[in-house]
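What follows is a single structure, written as structure tokens, with notes after it.
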Amino acid sequence: MQKASAGKAGKVTKPVKAGPREADRAAPYKPRGSRRSEGAAQTPRATEAPSPDDSARAPIEPQRTLIVRTGERPAERVPLILESQGAGDFHLIDSGAGEKLEQYGPYRVVRPEAQALWPKALPAHVWEKADAIFTGDTDEDGMGRWKFPREALGETWPLSLLGVDFLGRFTSFRHVGVFPEQIAHWSWMKECVETAGRPLKVLNLFGYTGVASLVAAAAGAEVTHVDASKKAIGWARENQSLSRLDKAPIRWICDDAMKFIQREERRGHRYDIILTDPPKFGRGPNGEVWQLFEHLPLMLDICRELLAPKALGLVLTAYSIRASFYSIHELMRETMRGKGGLVESGELVIREAGLDGKTPGRALSTSLFSRWVPK
């Protein structure tokens, strides 16, 4: 397995090229009626007021089908393990027995973690000193409540990662407003923006609370942030103010991600970096239903069309799905046929760092990813 620290790839074997193969044509995207789903109400992953050119919408969006791609598939690098050992106010202290113990600023937090199959490394008294413990449904997006064993805590508290300030929040769906395993992608993006030597445009789909958008903006990018939840957009705007980036060029768009990118394609808008972090299931502001396995191929296909001629990357992250990273790896390579470049795929992991944040331990796998880069 290839390893890379946050944002830095290790040495790898020579990429392998595959021959051409006709891509199948899939069913068009059809927004459907609302239904309760994981990733819908709880982890708002799509966001605020549309820009002026989004205000006038036809009642029925034209249906977009997959484009049949031909040509060579991009070179590949697999498997690639992107590892983070924390940054700023976060690190993973310990994990095991289906739980993880994390440090978020001043607070020690315990949350369910199905991937932690091994025994806990630190003694019970360390875990018992947690400031907040999530109880209830142990599914990734299941509802529950927080227990505060030591003293009652407020709903929010300040945090900082990669030079960006934002609010942590105890939500009823066990999330705290940031997905720290993404530090690896954010570090890579930050370096791309800072070293490009030209202004870059970044599109952040399913942008949640905006930490990635703020990292990109702080580095100098022009950012378009899309999420379906007004609550998440409001939270992201709070984070923007906390980071003193009120004047940064960020468009906060509350919209169904698929509808938005189809309009962007028709307008001819292009982006240098696209981040997309879709849930397994989700619901748009008008009841549109997102299903990862059904809609992901078309979403990636449209994202390819949104890449600028000198684009620097298209990043896909997938959480808690019954699939191998090879599934999204092959999908990404098919999507990018004839585009050249390299598709690197694998897993995002967080390395335990102990109470001091400096003692390496076991690696906790958190999600699958696939990333296309031009070289």
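The figures follow:
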item	result
Only one of R77, R73 that is assigned by TED's automatic domain parsing to the domain that holds G346, charged (D, E, K, R), over 23 Å from S367 (Cα atoms) and surrounded by 14 or more Cβ atoms within 10 Å (Cβ to Cβ)	R73
Close pairs (6 angstrom Cβ cut-off, 6 or more residues apart or separate chains): in the same structural domain as L296 (by TED's automatic domain parsing) and hydrophobic (A, V, I, L, M, F, W, C) in region 318-339, in a loop (DSSP other than H, G, I, E, B) and modelled with pLDDT of 95 or more anywhere	M336/P74
Boolean, L92 is touching a strand residue (DSSP E or B) at 6+ places or on another chain (Cβ under 7 Å) and not in a loop (DSSP other than H, G, I, E, B)	yes
Failed item, numbered, when R169 is tested on (1) in contact with a helix residue (DSSP H, G or I) (Cβ under 9 Å, 6 or more places away or on another chain); (2) over 26 Å from W290 (Cβ atoms)	(2)
Identity of the residue in region 59-89, assigned to a strand (DSSP E or B) and of a type in the set (G, A, S), that ends up modelled with the highest pLDDT	A75
Qualifying residues in region 350-375 (those that are more than 18 Å from Y326 (Cβ to Cβ) and among the hydrophobic types (A, V, I, L, M, F, W, C)) - the one surrounded by the most Cβ atoms within 10 Å (Cβ to Cβ)	I350
Some residue of region 224-235 being closer than 19 Å to P199 by Cβ and either modelled with pLDDT of 95 or more or of a type outside the set (F, W, Y) (or both)	yes
Hits in region 338-363 - residues which are of a type in the set (D, E, K, R), touching an Asp or Glu at 6+ places or on another chain (Cβ under 7 Å) and in a loop (DSSP other than H, G, I, E, B)	E352, R362
Residue among E347, E294 that alone is in the same structural domain as A228 (by TED's automatic domain parsing), within 25 Å of G88 (Cβ to Cβ), surrounded by fewer than 22 Cβ atoms within 10 Å (Cβ to Cβ) and of a type in the set (D, E)	E347
Entirely in region 141-216, the strands (runs of 3 or more DSSP E) that have 2 or more residues that are surrounded by 20 or more Cβ atoms within 10 Å (Cβ to Cβ) and of a type in the set (A, V, I, L, M, F, W, C)	156-161, 164-169, 201-205
Which numbered condition D301 fails, given (1) under 25 Å from V193 (Cα atoms); (2) in a loop (DSSP other than H, G, I, E, B)	(2)
Scope region 224-274; condition part of a helix (DSSP H, G or I) and either small (G, A, S) or out of contact with any Asp or Glu (no Cβ under 8 Å at 6 or more places or on another chain) (or both); matching residues	K231, A232, G234, W235, A236, E238, S241, A257, I261, E264, R266
Search result, residues across region 261-290 that are crowded, with 24+ Cβ neighbours inside 10 Å and acidic (D, E)	none
Which numbered condition F325 misses (of (1) at pLDDT 95 or above; (2) under 28 Å from A114 (Cα atoms); (3) among the aromatic types (F, W, Y))	(1)
Output for region 317-337, where each listed residue is touching a Leu at 6+ places or on another chain (Cβ under 7 Å) and in a helix (DSSP H, G or I)	F325, I328, L331, M332, T335
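The values are calculated or read from the model by the stated rules, or taken from the named source; none is laboratory data. Please read all numbers here as calculations on a predicted model, not as lab measurements. Cβ coordinates were reconstructed from backbone atoms using ideal geometry, including for glycine residues, and neighbour counts include every protein chain displayed.
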